[in-house]
Amino acid sequence: MIKTNKDKLIKMAVMAEVNHPSASRDYRADFNGIPRLGIGMSGVKYNVTVGDLTTGWADEEHTECGLSIQNKDPNEANALGVAGCIGNDVTIVSGDAKGAKGYITGKHGHFMVWFKPEDQEKIVPGDRLKIKAWGVGLKILGFEESVHVNKIDPLLLEKLSIEEKKGKLVVPVASEYPCYIMGSGYGMWPVTIDYDIQTTCPEVYDEFNLKNIRFGDVVCLRDQLNWYGRGYYKGAVTIGIVIHGWSYQAGHGPGVTTILSSKDDTIQIKFDPKANISKYLGIK
């Protein structure tokens with residue numbers, strides 16, 4: 001098992017609330033000029049969860065699985081955005097589901113959270129949550145300078161079945177994608193937001209079998225460096241987690257929150273179709 005500096009990381013409570021689906025969206029033209037309504041962001045989704053396919057939902061657009069949380073106050077929103085990590089423990093502290101426990105499963109504009117279906121049935125927009133934020137400053141010992149770690153709970157990182165072999169980190173992934181397929185979010189700070197696997201081109205869609213991407217898949221992005229910014233870097237390897245669904249907007253598609261990145265082949269991969277955080281967190 002890999003060793004980390006998890007015992008040196010600050011663990012703290014950060015608050016948030018379940019948000020409401022936005023009423024501001026309307027019919028928009030997709031990349032073929034067809035008007036689409038586009039729903040799936042924000043709020044509570046009862047039948048879309050981590051492990052499900054990211055596409056195939058009626059009138060879908062950037063669908064966020066489970067429920068979505070945020071803070072209205074800008075300072076509190078910044079604290080949540082920086083400190084929250086995929087895999088962090090979440091507890092409902094108000095409403096009919098008070099005491100229910102779940103996990104953060106992704107970072108989009110909002111964070112996405114998984115709860116058991118019976119608990120999620122009781123959750124409504126406006127309910128308050130406590131996140132046990134833990135992961136900022138996380139490093140893999142022996143790879144502090146060569147591999148940057150981002151946006152993942154230390155215990156989830158340990159569950160990814162990463163192996164150290166001859167000075168390399170071997171990471172199980174469900175799939176890999178080339179640099180030219182990456183779109184929206186390019187050039188942004190990796191802590192701030194995800195970026196998208198483009199679904200604009202039908203030939204690329206078929207070539208890389210994009211219809212089979214699932215929420216929570218662990219994926220490899222080639223020639224992508226996610227250290228102090230995000231962009232093309234020949235030979236770089238980035239590992240991410242798929243966190244939101246399909247898009248019909250040009251330059252968009254399933255979103256990826258990046259968790260590991262190296263400038264060279266320090267990160268290597270092996271394919272495992274079951275490499276999904278639903279397995280590692282023991283949830284569905």
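Taking Rh as the Kirkwood radius computed over C-alpha pairs, what is the Stokes-Einstein D of the range 1-84 at 37 °C in a medium of viscosity 0.692 mPa s, expressed in µm² per second?
209 µm²/s
Would you mind calculating the relative contact order of the range 87-202 from Cα pairs under 8 angstrom and at least 6 residues apart, reporting the percent as a whole number?
20 percent.
Give me the extension gain from N209 to F271: residue separation times 0.36 nm, minus the current Cα-Cα distance, reported in nm with one decimal.
Between N209 and F271, full extension yields an extra 20.8 nm.
Amide H to amide H under 5 Å from I269: which residues, 5+ apart in sequence or cross-chain, H placed 1.01 Å off N in plane?
Those qualifying (amide H under 5 Å, at least 5 residues apart or on another chain) are V171.
About the Cα centre of the chain, how large is the charge dipole given +1 on each Lys and Arg Cβ and -1 on each Asp and Glu Cβ? Please answer in debye to the nearest 20.
780 debye
Using only alpha carbon positions, build the gyration tensor of the chain, then give the equivalent ellipsoid semi-axes as the square roots of 5 times its eigenvalues, largest first, whole angstrom.
That gives 27, 25, 16 Å for the three semi-axes.
Tell me the Kirkwood hydrodynamic radius of the range 159-198 in angstroms, computed as one over the mean inverse distance between distinct C-alpha pairs.
For the range 159-198, inverting the mean 1/r across all distinct Cα pairs yields 12.6 Å.
If neighbour count is taken as other Cβ atoms inside 10 Å, put I213, I140 in order from fewest to most.
The most exposed by this proxy come first: I140, I213.
Using the charge dipole of the range 147-280 (Lys, Arg: +1 at Cβ; Asp, Glu: -1 at Cβ; taken about the Cα centre), state which of G167, V149, W227 has its Cα farthest towards the positive end.
Looking along the dipole axis, the top candidate is G167.
Using the Karplus curve 6.51 cos²θ - 1.76 cosθ + 1.60 with θ = phi - 60°, work out ³J(HN,Hα) for each residue of the range 232-248 in order, rounded to whole Hz, and write x for Gly and Pro.
6, 8, 4, x, 6, 10, 10, 10, x, 10, 6, 10, 9, x, 4, 9, 9
Over all alpha-carbon pairs in the range 147-280, figure out the percentage whose distance exceeds 19 Å.
For the range 147-280, the fraction of Cα-Cα distances above 19 Å is 44 percent.
Please compute the Cα-Cα pair-distance distribution of the range 1-147 with 10 Å bins starting at 0, giving whole percents from short to long.
Each 10 Å bin holds this share of Cα pairs: 11, 36, 30, 18, 6, 0.
Each reported figure results from applying straightforward, stated rules to the coordinates on display, with no laboratory input. On a predicted model such as this, the values are computed, not experimentally measured, just so you know. Cβ: placed from backbone, ideal geometry, glycine included. Neighbour counts: every protein chain shown.
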